[in-house]
1. Just checking, how many residues over the range 590-630 are within 29 Å of Glu402 (Cα to Cα), outside any helix (DSSP H, G or I) and touching a residue at least 12 places away in the same chain (Cβ under 8 Å)?
2. Of the numbered conditions (1) over 21 Å from Arg649 (Cβ atoms); (2) in a strand (DSSP E or B), Arg350 fails exactly one; give the number of that condition.
3. May I ask you to list the residues in the range 477-522 that are open to solvent by 60 Å² or more (accessible area, probe 1.4 Å), among the charged types (D, E, K, R) and out of contact with any Lys or Arg (no Cβ under 8 Å at 6 or more places or on another chain)?
4. Would you check if Arg66 is in a helix (DSSP H, G or I) and at pLDDT 75 or above?
5. May I ask you to say which residue of Ile153, Ile108, Ile135 is more than 60 Å from the chain's Cα centre (by Cα), part of a helix (DSSP H, G or I) and under 30 Å from Ser167 (Cα atoms)?
6. Right, Val531: in the same structural domain as Ile686 (by the TED database), assigned to a strand (DSSP E or B), closer than 27 Å to Met374 by Cα and open to solvent by less than 30 Å² (accessible area, probe 1.4 Å) or not?
7. Return the residues of the range 593-642 that are among the aromatic types (Phe, Trp, Tyr) and open to solvent by less than 60 Å² (accessible area, probe 1.4 Å); say none if nothing qualifies.
8. Among the listed residues Phe674, Phe709, which satisfies the condition of being outside the structural domain of Arg640 (by the TED database), surrounded by 15 or more Cβ atoms within 10 Å (Cβ to Cβ) and touching a residue at least 60 places away in the same chain (Cβ under 8 Å)?
Amino acid sequence: RTQAEMAHTCRGTINLSTAHIDTEDSCNIVLSNGGRTYHLKANSEVERQRWVTALELAKAKAIRMRNNQSDDSGDEEPASQSDKSELHGTLKTLSSKLEDLSTCNDLIAKHGAALQRSLSELENLKLPAESGEKIKAVNERATLFRITSNAMINACRDFLDLAETHSRKWQRALQYEREQRIRLEETIEQLAKQHNSLERACRGAPGLSSSSTGVTSTAKGSVPSAKGEASDEDEETEYFDAMEDAPAFITVTADPKHHRRSGSNLSGASEGHPEDWNLEDSVFESSNQSSYNEPTCKDLLPKKRRRTRIPDKPNYSLNLWSIMKNCIGKELSKIPMPVNFNEPLSMLQRLTEDLEYHELLDKAVKCESSTEQMCFVAAFSVSSYSTTVHRTAKPFNPLLGETYELDRLEEFGFRSLCEQVSHHPPAAAHHVYSKRGWTLWQEITIASKFRGKYLSIMPLGAIHLEFHSSGNHYVWRKVTSTVHNIIVGKLWIDQSGEIEIVNHKSKDKCQLKFTPYSYFSRDVPRKVTGVVSDAEGKAHYVMSGTWDEKMECSKIVHSSHGSTSTEGKQKTVYQTLSPKVLWKKYPLPENAENMYFFSDLALTLNEPEERVAPTDSRLRPDQRLMESGRWDEANVEKQRLEEKQRAVRRRREAEAVEALEEGKDYEGYIPLWFERKVDAVTGELICVYKGGYWEAKDKQDWSSCPDIF
């Protein structure tokens, strides 16, 4: 093997090109390179000298290979230098030989042409007949030689062109294979280090060393136990890396019965009591047992039949570029967009769609532990993105003063109210009350920018969730949504960023990371990972899953420090119990692809209802026309509504100027059902529900509602 191969295939290798070779006495050899030193002992002085000579020759060869390296980009890791020098040396030699061949071709062509001219001149001289015949014969042979030489020259030229064309391709292919090999070896080495670290940690834990079953890693690679060694976990062992470094988690699934015996004697940065994880009446056990269409024990009242389909989306063609080319760099809310880019729901209805998996909060109410409750809150925060995976269309911008109610108090125990409280910047206030023990409120401002190829949507504002019995108050913020291929290609949406959920009563935290999609990543697309920790920073649960499919939760029973990453951060390895599915996405209804990929809940959001406020989104005419498939009429109606809103804004601006000239205060637009207050938890100015809407609905007194439609 070459030194380059040895550098990547053997653990503990010393690079001879930079190594020091010393002799201590007649039989000992010392090899050192940086912090690694090997002491070798030969049987005799003669054998030692043979080894020293061989090592010196190998060192000289390694230095030559390193010095022969050319065109090095300098951005690769030092361990690959000798491998690259060998590759570049081979290519350099091949290029040199091809240059020599090209020179020979040129000389053959030059001298062949000179020989042909000389023979032609001899043939034209006045010589005896016999000499003329001989010269003619030589000339014919020279012609044959010229033809053969030209054929060889052409063949060599073709070979040279082909070699030059493919040399870069070969180099890239070799480089790719080498990088893949290095990456695989690093992964295996990393898994081996984690395996050894966990073995040491488990041997140090009382009650664990008695087990002798094998360890099997079910991560991206597997590291079997050495023959004859005892291992401390069962055959289902998986590993989770800590949040702070690795993009992927590797879980260690422990035997619950085994850990129940050990109790709280586990040592390390974080311990847990696995007994709580296996209670038959635990809310975790029933976390994925109900669905949108399945009643729970409290939902015994007959439910109102809701619609299960809407008219199919028309297939209208549209010149996208003619509309978009004048929109680059502008605020999205200020761009006049036809309904062709919309879906027949308003932003207020999309905000209400976050409640599709409200039963997660109903189950969170039953949790006795605040960290366990945090797991359900985290799953709920992720579930709100599940409907966006195919929903690339834009919701209607609500008009100022527009409202939307969703009264499911008798069916699911909650009622929701949204109001558009600002138009520039667009902001919506949302309040949800559940008789099952929780209240949610938020004010979301949407900042969006069109960048030519993609559209970035940045929701600004905090989401508040409070549980009535415990008083636990959770706050978090949404991540950035990005719509790709706006101009060319198939539209697709991605979520990226981090969510920090904080319980302001107990100070528990959950850090969730939404991994952005990458073509070169080996991770699962749309991946979400996170860790739930208490006020002291001790980790209790590991969250994992995808924002479009499901979220799982694993209880941590032990944690230990693993290897150090390339960035200098030390990883933490979590040993967990078997994961529990907290949330799983409901399947889309039949024919969803022709109904804007609406979920079961989304299909009911714009269903006409009686007794709603005259400002309700269900009564918006352009949105209703679009849902019915009458898009041309919807575009006309949309322009009318927007112009009406502009006229109201101009009148309000004129009133503000008039008040300023008279020295009076002008309050501007005042929301109807919400009021601005400073939040006691975050210190931010936020619109909160001030009451009165549901009472007005009971009385059917909508006299205070503005005329916006």
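The values are calculated or read from the model by the stated rules, or taken from the named source; none is laboratory data. Here the structure is a predicted model, which is why all the values come from computation and not from measurement. All Cβ positions, even for glycine, are placed from backbone atoms using ideal geometry, and neighbour counts span all protein chains on display. With ligands, DNA and RNA removed, areas are computed over all heavy atoms of the protein, side chains included. Shrake-Rupley method; radii C 1.70, N 1.55, O 1.52, S 1.80 Å.
1. Qualifying residue count for the region: 16.
2. Condition (2) is where Arg350 drops out.
3. Selection gives Arg477, Lys490, Lys505, Lys507, Lys509, Lys513.
4. Numbers: in a helix (DSSP H, G or I): yes; at pLDDT 75 or above: no.
Answer is no for this residue.
5. Ile108
6. On the way: in the same structural domain as Ile686 (by the TED database): yes; assigned to a strand (DSSP E or B): yes; closer than 27 Å to Met374 by Cα: yes; open to solvent by less than 30 Å² (accessible area, probe 1.4 Å): yes.
So Val531 fits the description; yes.
7. First, the residues of the range 593-642 that are among the aromatic types (Phe, Trp, Tyr): 596-598, 631.
Of everything in the range 593-642, those that are among the aromatic types (Phe, Trp, Tyr) and open to solvent by less than 60 Å² (accessible area, probe 1.4 Å) turn out to be Tyr596, Phe598, Trp631.
8. Details: Phe674 fails: outside the structural domain of Arg640 (by the TED database).
Matching residue, one of Phe674, Phe709: Phe709.
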